[in-house]
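Novice: Questions regarding the structure given below will be posed in turn.
The values are calculated or read from the model by the stated rules, or taken from the named source; none is laboratory data. It should be emphasised that the depicted structure is a prediction, and the values quoted were computed from it without experimental measurement. Methodologically, a virtual Cβ is constructed for each residue, glycine included, from the backbone with ideal geometry; neighbour enumeration extends over all protein chains shown.
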Amino acid sequence: MNILPQTLKHFAHQHDDLPAFHAGYLVLTLFAAAMFNLGAFGLLILAHMSLDYVKYREYHGYGWKLTFEGMIRESLIDVTLLLIGLVFSVYLHHSIAFPGISSLMRAELTIVRMFGTLIPKMKILHNFLKIVAHVRHYLDHAHPHLRQHWSTVDRVCFWSIGLTFFLLALSAPILHVTYPHIQEILIEELMPWTI
């Protein structure tokens, strides 16, 4: 009767050493990234940031400034990837016609769009699952660069976020479509329950 809990406990301790576990994890991550839209991954980022709030404000007892800095540092790459995926989704959306390109080129654009959205979603999901799998360790340790200057990678992320907002704001004139059309694309991509 005690065999099942013992087996599960043994698996929990040894799962990182099993290649089959990592292969299954990768396949499930790829499947989830392909199935859900960017809005679902935006919710994962919000859940991560909520956990960061609890981590820094309540668990470590930091003030508001350090709490928000910690939240930004922990989720900066995920937010950047989400916005880059959103730019790919808008600029390479199937409803936006590119006159003069062949069917083969349209298929290639679809593949580029798929990778432009799939890779950020996989990375966001991987980061979230890594935190969930080791939540106690995650809560115990503050970000290693808290109270330090922003690194080059952080600054590149901030610039990338600014560029994505600029590209999204100017997407209608650049793509020669109306802003309501861009709004429809954004709603399609950001509503989490749209699969």
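Novice: Name the helices (runs of 4 or more DSSP H) wholly within region 85-195 that hold at least 1 residues that are farther than 23 Å from ALA47 by Cα?
Specialist: 103-133, 152-169, 171-175, 179-190
Novice: Let me ask another. Taking SER95 as the residue in question, decide whether it is farther than 30 Å from GLY61 by Cα, touching a residue at least 60 places away in the same chain (Cβ under 8 Å) and surrounded by fewer than 14 Cβ atoms within 10 Å (Cβ to Cβ).
Specialist: When the stated conditions are applied, SER95 passes them.
Novice: Tell me, please, whether a residue that is among the polar types (S, T, N, Q) and either closer than 22 Å to ASN37 by Cβ or under 17 Å from the mean Cα position of the chain (by Cα) (or both) can be found in region 164-172.
Specialist: yes
Novice: Please find, within region 37-75, the residue that is modelled with the lowest pLDDT out of those that are hydrophobic (A, V, I, L, M, F, W, C), loosely packed, with under 15 Cβ neighbours inside 10 Å and over 26 Å from GLU189 (Cβ atoms).
Specialist: Taking the candidates together, the pick is VAL54.
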